[in-house]
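**Student:** Would you mind keeping the following structure in view while I ask a few things?
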Amino acid sequence: MHSTEPEAVNARAWTTYGTHHLQRGTAIPDVDRISWGFWPTGPGAEVLGELTGLRVLDLCSGLGRHAAHLVREHGARVDAVEASAGQHERALARYGDLPGLTLLHADAVDHLHHAEPYDVIYSVHGFGYIDPHRLLPALRTALKPGGRLAFSVLHTNSLGHGPSSTVVPRAEILPLAGGPDQSVEMWVLVPELWEDLCVDNGLFLDGIDALDAPEDNSPVSVRLYRAHSHASAGSRRRPG
Ligand SMILES: C[S@@+](CC[C@H](N)C(=O)[O-])C[C@H]1O[C@@H](n2cnc3c(N)ncnc32)[C@H](O)[C@@H]1O
């Protein structure tokens with residue numbers, strides 16, 4: 001299955017975003033934790049379990065900051081896949097020399113189809129930009145049996161718009177500091193749909209965490225999904 005027109009919209013927006021920040025020379029501060037929401041609160045890398053020596057994949061890795069953190073602080077060997085040329089170039093300039101981190105410029109799904117299976121796959125705010133019907137089947141084959149998956153996605157946006165109950169993307173705004181807002185097409189789905197997508201593609205769903213904006217007046221909310229693969233296709237289990 002090839003990438004869809006909404007994904008092409010997203011690719012153009014993230015290309016613009018990366019080029020814009022390359023030209024501005026925007027700094028890339030290190031992170032000292034995994035932030036699954038948009039804030040440095042809530043669960044961190046412990047969600048992924050013990051990572052020392054494991055083969056880990058960061059999908060839609062952006063600047064590679066989370067991947068670099070897992071290499072430096074958790075002893076993981078991380079492949080970080082990012083489709084925007086500008087974002088990839090920025091990541092290379094910042095973390096290209098870090099042993100244990102491999103920064104790859106590729107479409108996430110193409111990479112999943114060709115890579116050796118991983119022990120752990122994760123994505124921080126990447127899955128919402130990719131058609132789930134293209135992404136989830138590819139994930140299934142790219143995770144080792146028993147491999148772990150965690151991903152965070154938007155649930156409620158800054159206007160208070162909650163998730164959709166059909167697997168259809170919708171327009172969201174990608175702000176561009178010092179430039180025009182970009183329009184993107186995002187899959188912002190109710191938990192039941194993400195759950196179905198996981199279990200229909202051979203993944204046990206272990207749990208869902210609600211991550212709300214820390215400010216009282218912000219409706220923004222994110223969901224963190226934790227799952228793992230199993231060896232035999234077809235069985236389904238839902239979280240308790
Ligand atoms: C919101 S950013 C998150 C970046 C990073 N995970 C982080 O938390 O800092 C989403 C990223 O997903 C990338 N992306 C979107 N669609 C992609 C695809 N099909 N394959 C790989 N990367 C993609 C975008 O270029 C962008 O850098």
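Since every read-out is calculated from the coordinates, none of them should be taken as a lab result. These numbers come from a predicted model, not from an experiment. Ideal geometry is used to build each Cβ from the backbone, glycine not excepted, and the neighbour counts take in all protein chains shown.
**Student:** Kindly indicate the residue of region 4-20 that is crowded, with 18+ Cβ neighbours inside 10 Å and within 10 Å of the ligand (Cβ to nearest atom) and also nearest to residue 110 (Cα to Cα) among those meeting that condition.
**Tutor:** 7
**Student:** Note down all Cβ pairs under 9 Å where the first residue falls in region 95-123 and is of a type in the set (S, T, N, Q), the second is more than 13 Å from the ligand (Cβ to nearest atom), and they're at least six residues apart or on different chains.
**Tutor:** What qualifies is 102/77; 123/149.
**Student:** Taking the stated definitions as given, is residue 147 touching a Phe, Trp or Tyr at 6+ places or on another chain (Cβ under 9 Å) and under 28 Å from residue 24 (Cα atoms)?
**Tutor:** It is false that residue 147 is touching a Phe, Trp or Tyr at 6+ places or on another chain (Cβ under 9 Å) and under 28 Å from residue 24 (Cα atoms).
**Student:** Name every residue in region 1-46 that is aliphatic (A, V, I, L, M) and either in contact with a strand residue (DSSP E or B) (Cβ under 8 Å, 6 or more places away or on another chain) or in contact (Cβ under 8 Å) with a residue 60 or more places away in the chain (or both), in order of residue number. Break it down stepwise before answering.
**Tutor:** From region 1-46, those aliphatic (A, V, I, L, M) are 1, 8-9, 11, 13, 22, 27-28, 31, 34, 45; that's our starting set.
Within region 1-46, 1, 9, 11, 13, 22, 28, 34 qualify.
**Student:** For residue 82, only one of the following conditions fails: (1) more than 12 Å from the ligand (Cβ to nearest atom); (2) charged (D, E, K, R); (3) surrounded by 22 or more Cβ atoms within 10 Å (Cβ to Cβ). What is its number?
**Tutor:** All conditions are met except number (1).
**Student:** Filter region 46-71 for residues that are surrounded by 17 or more Cβ atoms within 10 Å (Cβ to Cβ), more than 13 Å from the ligand (Cβ to nearest atom) and either under 23 Å from residue 155 (Cα atoms) or acidic (Asp, Glu) (or both) and give the result.
**Tutor:** Within region 46-71, 47, 48 meet the criteria.
**Student:** Looking only at region 90-143, count how many residues are within 13 Å of the ligand (Cβ to nearest atom), buried (at least 18 other Cβ atoms within 10 Å of the Cβ) and among the acidic types (Asp, Glu).
**Tutor:** Here the count works out to 2.
**Student:** Whether any residue in region 190-207 is free of Cβ contacts under 8 Å to residues at least 60 places away in the same chain, part of a loop (DSSP other than H, G, I, E, B) and more than 25 Å from residue 66 (Cα to Cα) is what I want to check.
**Tutor:** Yes - at least one qualifying residue is present in region 190-207.
**Student:** Then there's this: How about region 143-176: which of its residues are within 15 Å of residue 125 (Cα to Cα) and in a strand (DSSP E or B)?
**Tutor:** 149, 150, 151, 152, 153, 154, 155, 156, 172, 173, 174
**Student:** Of a type in the set (Ser, Thr, Tyr), crowded, with 21+ Cβ neighbours inside 10 Å, within 27 Å of residue 63 (Cβ to Cβ) and touching a residue at least 12 places away in the same chain (Cβ under 8 Å): which single residue out of 152, 158 fits that description?
**Tutor:** Of 152, 158, the one residue that is of a type in the set (Ser, Thr, Tyr), crowded, with 21+ Cβ neighbours inside 10 Å, within 27 Å of residue 63 (Cβ to Cβ) and touching a residue at least 12 places away in the same chain (Cβ under 8 Å) is 152.
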